[in-house]
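Bear in mind these aren't lab numbers, they're just calculated from the coordinates by the rules spelled out. The structure displayed is predicted, hence computed values, not measured ones. Ideal geometry is used to build each Cβ from the backbone, glycine not excepted, and the neighbour counts take in all protein chains shown.
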Amino acid sequence: MEHRPDYAKKPDSFFNSLKGHQALLARELRRMIHQALPHVSESLKWGMPVYEQDKLICSIRPAKEFVALQFYQSGTSLSDPDGLLEGMGKKMRHIKIRSKKDIRKRLFIKWIKQAAE
């Protein structure tokens, strides 16, 4: 079995590898996650930073045109009156952030805390 190039690397290496708007957006999401959950565990899994605290909470996934904040087991139970969360999975949902103006800090921190409950 061939190992991924990021296998056993630290999350800092992931963030340092990003360029341009991806780097800016991903680092801002990372700061929010750590602000919301100061004791959260951060590791690289599936080629992206994943955050856990007794369970999978969320991850940051960069794509060409956006950076996604993904919620695992609790994605479908998050309060989303504006219908911002996307996805068709049983429990997982995500939001695509295309620019800094798409970051809704208060809402995202609320979701991160809800997902950790």
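Structure summary
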| quantity | calculated |
| --- | --- |
| Pairwise Lys count, the chain - Cα closer than 15 Å, eight or more residues apart or different chains | 10 |
| Magnitude of the charge dipole, the chain, Cβ model with Lys/Arg +1 and Asp/Glu -1, debye to 20 | 300 debye |
| Most fluctuating residue given options 77, 43, 13, as computed from a GNM of the chain linking Cα atoms under 10 Å | 13 |
| Value at 222 nm in deg cm²/dmol, rounded to 500, when DSSP H runs of n ≥ 4 in the chain each add -39,500 (n - 2.57) | -9500 deg cm²/dmol |
| Using θ = phi - 60° and Karplus 6.51 cos²θ - 1.76 cosθ + 1.60, couplings along the range 107-117 (whole Hz; Gly, Pro as x) | 5, 5, 5, 4, 4, 4, 5, 4, 5, 7, 5 |
| Percent of alpha-carbon pairs separated by more than 22 Å within the chain | 29 percent |
| Relative contact order (%) - criterion: Cα under 8 Å, at least six apart; region: the range 11-116 | 25 percent |
| Residue 84 paired with residue 107, simple spin-label distance in nm, labels 7 Å along Cα-to-beta-carbon | 0.3 nm |
